[in-house]
Structures are given as structure tokens and as C-alpha cells.
1. Here are some conditions: (1) of a type outside the set (A, V, I, L, M); (2) over 21 Å from the mean Cα position of the chain (by Cα); (3) under 30 Å from A:Asp360 (Cβ atoms); (4) not in a loop (DSSP other than H, G, I, E, B). A:Ser244 meets all but one. Which one does it not meet?
2. Please identify the pairs in which a residue from segment A:29-44 that is open to solvent by 30 Å² or more (accessible area, probe 1.4 Å) has its Cβ atom under 6 Å from the Cβ atom of a residue that is not in a loop (DSSP other than H, G, I, E, B), counting only partners at least 6 apart or on another chain.
3. Within segment B:5-23, track down each residue that is over 20 Å from the mean Cα position of the chain (by Cα) and among the aliphatic types (A, V, I, L, M).
4. Please determine, by comparing only the residues of segment B:122-135 that are open to solvent by 30 Å² or more (accessible area, probe 1.4 Å) and within 15 Å of ligand 3 (Cβ to nearest atom), which one is nearest to the other protein chains (Cβ to nearest Cβ).
5. Evaluate the following for A:Gly155: is it more than 14 Å from chain B (Cβ to nearest Cβ), assigned to a loop (DSSP other than H, G, I, E, B) and out of contact with any Pro (no Cβ under 7 Å at 6 or more places or on another chain)?
6. In this structure, is A:Gly148 touching a helix residue (DSSP H, G or I) at 6+ places or on another chain (Cβ under 7 Å) and without any contact (Cβ under 8 Å) to a residue 24 or more places away in the chain?
7. Among A:Gly73, A:Gly85, A:Gly50, which is touching a strand residue (DSSP E or B) at 6+ places or on another chain (Cβ under 6 Å) and either at pLDDT below 95 or of a type in the set (Gly, Ala, Ser) (or both)?
8. Evaluate segment A:85-92: report whether one residue or more is part of a helix (DSSP H, G or I), within 20 Å of the chain's Cα centre (by Cα) and closer than 21 Å to A:Gly285 by Cα.
Amino acid sequence: MNQVHYITELFEKYDGRNIDGYLKNGGFDSLKLLLSNGIEKTVGEISASGLQGRGGAAYPTGRKLKQAREAKGERKFVVCNADEGEPGTFKDRELLKRNIFQVIEGMIIAGICSDAKEGIIYVREEYKNLHDDIIKAINKCYEKKFLGVNLLNSGVDFDLKLFSGAGAYVCGEGFAMCESMEGKSGRPRSKPPYVKQEGFLNMPTLVINTETLSAIVSIIKKGADSFKRYGTEKSSGTKLVSISGRVNQPGVYEVPFGVTVRELVEHFGGGIKDNAKGNFVQIGGASGGILPEKLWDTKYTYENLESRGMSIGSGAIVVADETNDIVKYLKVVQEFFRHESCGKCTPCREGNRQMKVIFDKMIDKTVAEKDFYRLDVVLNIMKNASLCGSGKTEVDPFITAKMYFPEAFTIKEVRIEFPGNDEEEEAV
Amino acid sequence: MNSISEKIVENVCLKYEYDDVNLLPILQELQEKSSSRYISEEVARNVAKKLDITESRVYDVVTYFSALSSVPRGEVIIQICESTTCTVNSNVELKKWFEEELNVSMGETTKDNRFSLIYTHCIGACDISPAVRVDHDVYGNLTREKVKEIIDSRRVKR
Ligand SMILES: Cc1cc2nc3c(=O)[nH]c(=O)nc-3n(C[C@H](O)[C@H](O)[C@H](O)COP(=O)(O)O)c2cc1C
Ligand code: SF4
Ligand code: FES
């Protein structure tokens, strides 16, 4: 089983920075194909490829482009989501670093297909060391007339700029992202209307992930069938995974859907460090599910992971070995969400505070049966009543861990409680 | 502690056409110019005035984003990652090395106001975890010697 180089085809072929290198290797051919074949046919090809959004929600990209085109507004925007905030994820970083022109070409294509004239690459502040190179690449594209008024004499205009995030995980969510670009604290808005109808400046906005954009370019160039040759019927094509943690070869790998999680850990990740025994992986970022070692033969596809109560998410695979304790791990995840919760809605804001109380007790081993009961109640409310995807999905690691590590959520020792010594909830 | 003059605030706001939509890049740029790496009350007030928005809106934004600060910090900011991969790979030693080298505890600033040592969440360098960010530079797979080198090279203003 080898790595595939479908989306990452040019990673080894040029330095990723020099536009001439990109052009020599077929750069902007997809844009030219779009200009000669027309929007309908091109979007049809993307739909036929079965590509699903790689930002986490897995929405069919072809359908998304079609809907974006239908949306009406005085101005329309496309935003490349390069906020990459899910802990354990660094694959968009590689796309920005090693083939930024492909991302830019994807943005121009998405702009034309959705009839938007303004594009923004929203890059997380943590990738500040990449910002200058991205801006330089954008300028080069203006120079060579791939951007701007009447690009490539096509009669189409498209402008592109970079926007820097400022270190807020929730700003990866479409509305929160729009709010931050409008000079506000980035908190999600309630839906409907949706971002695609009233997003940035209340205008139709297409938010699309960096990897999705890169995949679009490759699919247009090589055809839908070539993409579908990889993967399964329901999980078409290839995926960039970020493998990290207790493995010998952490890194970004492009793999066909359908490999097993064990292959990801042992083959691509190079196996567990120090010949230790595997314990679990967290799949898809901090909001992803926990899969114990005994289930690592599960296939890495949308459908197979769904049957285990988890999803592909951001494509992160964080590997833990026997020296890593599940409760301590979950506590780290919990701290992350408590810090990142934007506080706008009660279920997520207060749920995180209650979870902290419970996890502190689990670590101290002072936890009681009723705390576990309360944990269930909190998780249930968060999952069902949170305003945005953050609160709704951050329960997944806890729910799956309870499923697969039940012993961590049961009381081993009998504890004597003294009357009048009832724990108090953390004050708000 | 240096302060950003009204003139500098004026110039940055002018560059962004006094449009409050650009509040985030304006604040980021001003903080970048402040040697104590924060948005002071005076700067916040001046920005609010120039953009014709409320001071509380400016503070809402400054306090919401981790990359912005409303309190003074060291000239060099060192951030140690405490997210999932970096704890699985144990960042405890790394933290100790930086604390020893700087003679401060996590969350503190050195007496000469040169360095602040703080925690951060995932900086997308999990492949070289445990990872650390020193201003805009990212490091991983560190040794005790390398930590010393990184700090020594920044002890004095360049
Ligand atoms: C809290 C939260 C954080 C998110 N962070 C990201 C992110 O960092 N990168 C990303 O591409 N999508 C992120 N998403 C998903 C986006 O909202 C959106 O679905 C995605 O960018 C759409 O692009 P796609 O269709 O190409 O997947 C996040 C969603 C939520 C709710
Ligand atoms: S779910 Fe959490 S992050 Fe999302 S709006 Fe509610 S408080 Fe904010
Ligand atoms: S978890 Fe530390 S850099 Fe990603």
C-alpha cells in the first residue's frame, strides 16, 4: 500500500513557490479548461467525482458550487478556509506551503463557478510564517493576469486577498469567520439564513476548505473517473491525513479512502514509537471520535467511521500508546473546548464548565456515580441544543470514549461521602 | 513601556480607510508595532475614536482573540503547545527547559520584559511535536541545548 499523489501530484515536482514551476507542470490548465468547457460542464464533472467537502462537514462540493451560483447578491464572495484549527491537523499547511498556486487556481475556479468576483484566503494567525509567501504568490498571479480584471482575456473579473485570523478556533465556522472579517469578535450567528445566502457583509458567501479547492483543480484536469478510481462508492477519491502522536513517521499522507486505521498507524505512520503497544487514536481533530486499538481494522471511510460513532472530520489521526491515559487525554480535549467555546450559547458555555468539574474529579479520583449521570445529561444537552457545530460535535470524543472505554467511566473504589459535604458546581 | 502615538494609530487607520470592517487587521498591526505586544487602553480609545465605533466594541475584539492582548507582555512571546498531540508526546520537559532557561514560570514575563512564556493551543506543527512558537517561528523536536540557543539568539534586540 503506497501513498497516492493525486491532489499532491506536484509536491515533489517544483518548490511550490515559483509560478513558472507551476506553469511548467500544467498549472492553470484546469482554469483554462473551465473557460473553454463552461461552468455547467465543469461543475457537472465535480459533482460526478463524488468529492465531499474536506473541512469536516462532508457536504457534496458539486452541489455546493451549484447552490452558490444560484444565490443572488450585489456582491458575492468565496472564502478559502485555511483556518485549520482542529488540534492534530496540519494538512492544509502543506497545501499552502508546497503548492499555493493550486489553492489559488481552485479559488479562481470556485469564484467563476459561483459567479463571485471577490475571494479571500482566510489563513490562521498561527501560520503567520506562511503569510508573506501566500501574498507574494497572489501578486504573481495578478502579474501574470490569472487574477484581476478580465483575467486571461476571459471577460471575467476575480480579485483575491489574504485575511489573517487571530487565534480563535470557532472562526473556522462559516459565520464566525464572516463576523471576524467584519471586525467583530468571531461568534457564530443563528441559521437560517445560511452563510451561502447572507454571509460576509450579509452577501452570499461560499466558504470552502483548502484541500477541497486543491482537489477541484486536480479533478478538472484529470476527470471525475480518475478520482473515483480511488476510495469506495460512498467515500470517493483520496484524502490528506495528518498523522501525529506516538508514531515513528508523523506527517501528511495522501491515502485512498478504504485503507484501515491500522494501516494508517502502522504503515504510513511507521508504527508506534519505542515498539510500545497502541492504545487508541483520535480521528478528525479534537472534536473527533476515539477509536480503541482493538478496532483499528476499521476502514477509513465516511460510512465505516459513522458506524463507529465518529467521522473523518479534518483528517487528523492522533495516535496514543499504552503510556497515554484516556482520562488525561480527554481532559486535554476538554480544556481545549472550554477555552475555545465562544460563550454565545448556554449549552456549550455552561456544559464545558460542568464538564471541567467532572473531569477534575475523574483525575482526582473523587468522582461519584451521580457525576457520571450528570456527564450524560450535559453531553446530551450540548449535542442537541448547541448553536453551532462546535458544541454539537465536541461531545463526540466523550461519547465514543464512554462507549469504548467504559471502565474509565465507572467507579472502582467505594467512596464514603459525608453529609453536608456535597460538591458545589463551579460558580458562573 | 513604549506607547503607540496617536499619529501611528492615525496612519494605520488611514491605511485601512477608517473602515471598521478592518478592525481586526488594524489591531493586529498596531499590536505588532507595540514593543509590549498589546493594545493599551489609550490605543483602544484612539482606534475607537478614529473608526467612530464604541470602545467596548474594540475591547470585545481584543479580549476575544488569543492573538491579541489587553495587557502588556514581553517583547518576545514564547508559546508552548498544550493540545492533544503535544501532550501525548509529553511537553512537560520542554516546558521545564524554557522555565529554567528564562527563570520564570509558565504564564510569566521575565523581569527585563524581554520574554513572555505562555501556553497555546495547537499551532499545526504536530508532526514535530512537542512544538513551540517563538513569535512567528515554529520549532519542534527540541533538545535542551537547542532551547538555550533559541533563547540566547533573542536575548538582545536585533
Ligand atoms: C467550530 C468549527 C470549526 C471549524 N473549523 C474549520 C477549519 O478550521 N477548516 C475548515 O476547512 N473547516 C472548518 N469548519 C467547517 C466549516 O464551517 C465549513 O463547513 C467548511 O469550511 C466548508 O468547506 P468544505 O465544504 O470544503 O468542507 C469548522 C466548523 C466548525 C463548526
Ligand atoms: S456551540 Fe459553543 S462555540 Fe458554538 S455558538 Fe455555542 S458557545 Fe459558541
Ligand atoms: S497539538 Fe501541538 S502543535 Fe498540534
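The values are calculated or read from the model by the stated rules, or taken from the named source; none is laboratory data. All values derive from a computational prediction rather than experimental measurement. Heads up, the Cβs are rebuilt from the backbone with ideal geometry, glycines too, and the neighbour counts pull from every protein chain shown. All accessible areas refer to the heavy atoms of the entire protein, side chains included, with ligands and DNA or RNA removed. Shrake-Rupley method; radii C 1.70, N 1.55, O 1.52, S 1.80 Å.
1. Among (1) of a type outside the set (A, V, I, L, M); (2) over 21 Å from the mean Cα position of the chain (by Cα); (3) under 30 Å from A:Asp360 (Cβ atoms); (4) not in a loop (DSSP other than H, G, I, E, B), A:Ser244 violates only (2).
2. Close Cβ pairs (under 6 Å, with a partner that is not in a loop (DSSP other than H, G, I, E, B)) amount to A:Asp29/A:Lys221; A:Leu33/A:Ile220; A:Ile39/A:Cys113.
3. The answer is B:Leu14, B:Val21.
4. The initial filter retains those residues of segment B:122-135 that are open to solvent by 30 Å² or more (accessible area, probe 1.4 Å), namely B:127-128, B:135.
Going one step further and asking which of them are within 15 Å of ligand 3 (Cβ to nearest atom), we end up with B:127-128.
Numbers: B:Asp127: 4, B:Ile128: 8 Å.
By that ranking, first place goes to B:Asp127.
5. Judged against the criteria, A:Gly155 is a match.
6. Working: touching a helix residue (DSSP H, G or I) at 6+ places or on another chain (Cβ under 7 Å): yes; without any contact (Cβ under 8 Å) to a residue 24 or more places away in the chain: yes.
When the stated conditions are applied, A:Gly148 passes them.
7. Details: A:Gly73 fails: touching a strand residue (DSSP E or B) at 6+ places or on another chain (Cβ under 6 Å); A:Gly85 fails: touching a strand residue (DSSP E or B) at 6+ places or on another chain (Cβ under 6 Å).
That would be A:Gly50, the only listed residue that is touching a strand residue (DSSP E or B) at 6+ places or on another chain (Cβ under 6 Å) and either at pLDDT below 95 or of a type in the set (Gly, Ala, Ser) (or both).
8. Initially, segment A:85-92 is screened for residues part of a helix (DSSP H, G or I), giving A:91-92.
Narrowing the set further to residues that are within 20 Å of the chain's Cα centre (by Cα) leaves A:91-92.
Next cut, closer than 21 Å to A:Gly285 by Cα only: A:91-92.
Yes, because at least one residue in segment A:85-92 is part of a helix (DSSP H, G or I), within 20 Å of the chain's Cα centre (by Cα) and closer than 21 Å to A:Gly285 by Cα.
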